[in-house]
Amino acid sequence: MATEEHAAEGSTLVFHPMDQFIVKPLFGEGPVAWYTPTNATLWMGLAIVAVIALLVLSTSKRAIVPGRGQSIAEMAYGFVYKMVEDVTGKDGIKYFPYIMTLFMFIVCANFLGLIPGSFTTTSHIAVTAILGFGVFICVTILGFVKNGTHFLGLFWVSSAPLALRPILAIIELISYFVRPVSHSIRLAGNMMAGHAVLKVFAGFAQVAAIAPIAILGVTAIYGLELLVAFIQAYVFTILTCVYLKDALHPGH
Amino acid sequence: MELVAAAALGKFIGAGLAAIGSGAAAIGVGHVAGNFLAGALRNPSAAAGQTATLFIGIAFAEALGIFAFLVALLLMFAV
Amino acid sequence: MATPTHDAGHAAATSAPGMPQLNIEHFPNQIFWLAVTLVVIYFVLSRVALPRIGGILAERAGTITNDIAAAEELKAKALAAEEAYNKALADARTEANRIAAATKAEIQGELAQAIAKADAEIAAKTAESEKAVAEIRAGAAAAVEEVARDTAAALVAALGGKDDAKAVNAAVDTRIKG
């Protein structure tokens, strides 16, 4: 990425589509050590605050007839609960808090990232890779603990002809190990792409002739990004549920 | 120096080619959603239970487009 | 947008590579804070939020079930009350019918009695009258017989016959009877 002085000498259009993703220390300059509070820390903290406000503060009255905030909390609860129950079945319910944690973090981080000038934590591959590989490792360990070697039946498609099975096993194995990669890159890529496109359109607004179109485009893409922010959280969660189901019931 | 220029040219051409993958993913997503809609109109009562499958299908189709986009980005900024 | 010459020239010198996402230096920081965030959210959710929301939902489901049960009970009560009302209505109707029939019978009886009494009175009066008429008639017949006898005796005497009372009487009787 070009630094500021390079950008200043850009000829007509100046785009910094990737600048919004730079991790900076919150206080002062200097190297980013593993403990340094950065803007990523700030927005993750805000995600925690959002989760607490949404699920804890809004339900503090424990009203039988819910208010607006409590309705949202109950809707989120019911949404994820039903998803877990539908996809993984009854025995997946005990993993509901973990999946709810993932969902709430991703959805809050995605929506917070859409605030202009904010930092999108979920657009970073480091973050989503931890989420994705965390799910992958947990699910794999869980599969072996619950089913033992029977878990390997996931790769041995017993309904296929015997000659095809080794080939299918290799394909299944590859697709199994690609899962966390696609799982994490899908989220980060979607977030990054949307924000970069927004930034590019905002950059076009510097040219007076196309500024109205550019602003219209920014508005439209912002609406799309609101949808994408939710859908990606939903997709991440439901794929986690699907992987969990595979671990709990490996026999297709 | 010419080699650097050629490398830069190749980078941009490659990024542009990789961006075609996004369009291909768009075709895929449209296919999934369109077929879902066609099926849902034939049997609306069964459609509500299949929205999860729809989103999973869209996510898989879209992930590949995102990979293409990522390749483009890597070519543009990281290589 | 970075021009390629800049990247080629400065990428090695400046510490920031092209994509901020691929800057390995920032990974430990993000991973650490992500772990902290997830742990905090997990504890908040599993200790406070989820039990509370689950409790609220269960409570509401319980309340709704109770309310529905209460409503069912009230409905059953209303139905029972309606039935009782209908029964009371039917009872009252039969009672009214009974009373009406009894009254009717009573009136009928009284009427019959009165008619019988009137009939009896009328019959008595008729008998009395008939008796009076018979008496009168008998009186008249006797008077006619006497007049006839006297007349016959006078006639016999006038005609120069012997005053044979016995024969005159027999003749008058025969004529009156015949």
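The values are calculated or read from the model by the stated rules, or taken from the named source; none is laboratory data. Because the structure is a prediction, the values reported are computed rather than measured. Neighbour counts are summed over all protein chains in view; Cβ atoms, including those assigned to glycine, are modelled from backbone coordinates with ideal geometry. To get the accessible areas, we keep the full protein, side chains included, count just its heavy atoms, and leave off ligands, DNA and RNA. Shrake-Rupley method; radii C 1.70, N 1.55, O 1.52, S 1.80 Å.
A few comments on the model shown:
- Over region B:2-78, accessible surface divided per residue gives 56 Å², non-protein components excluded, 1.4 Å probe.
- In the structure shown, the pairs A:K61/A:K90; A:K82/A:K245; A:K90/A:K245 are assessed against 20 Å; a Cα-Cα span above that value is assigned to A:K61/A:K90.
- For region C:60-120, the Kirkwood radius over C-alpha pairs fed into Stokes-Einstein at 25 °C and 0.890 mPa s yields D = 155 µm² per second.
- Dipole of the protein assembly as shown [Lys/Arg +1, Asp/Glu -1 at C-beta], most positive-end residue of A:H150, A:A50, B:N35: A:H150
- Region B:40-58-region C:103-178 distance, computed between alpha-carbon centres (Å): 122 Å
- Convex hull per residue volume in Å³, alpha carbons only, for region C:86-178: 94 Å³
- Percent accessible area from carbon and sulfur atoms, region C:29-177, protein chains only, probe 1.4 Å: 65 percent
- Under 19 Å from the Cα of C:K77 - lysines, other chains or at least 8 residues apart: C:K87
- Between 0 and 90°, nearest 10: helix A:39-52 axis offset from chain A longest Cα axis: 60 degrees
- Cα→Cβ-extended label distance, 7 Å offset, between C:Q108 and A:F133, nm: 10.8 nm
- Computed over the protein assembly as shown, Kirkwood Rh from alpha-carbon pairs, angstrom: 31.4 Å
- Spacing of the modelled spin labels on A:A211 and C:D119, each 7 Å from Cα toward Cβ, amounts to 12.4 nm.
- In region A:57-99, the residues that give up 20 Å² or more of accessible area when the other protein chains are added, compared with the chain on its own (1.4 Å probe), are A:T59, A:R62, A:I64, A:E74, A:Y77, A:P97, A:Y98.
- Computed over region A:159-252: relative contact order in percent, which uses C-alpha pairs under 8 Å that are six or more apart: 25 percent
- Considering only C:L79, C:L159, C:L45, the Gaussian network model of chain C with Cα springs below 10 Å gives its largest mean-square fluctuation to C:L159.
- Accessible surface for region C:74-178, divided over its residues, is 83 Å² per residue with a 1.4 Å probe.
- Cα gyration tensor category, rounded, prolate or oblate, for chain C with a/c compared to 1.5: prolate
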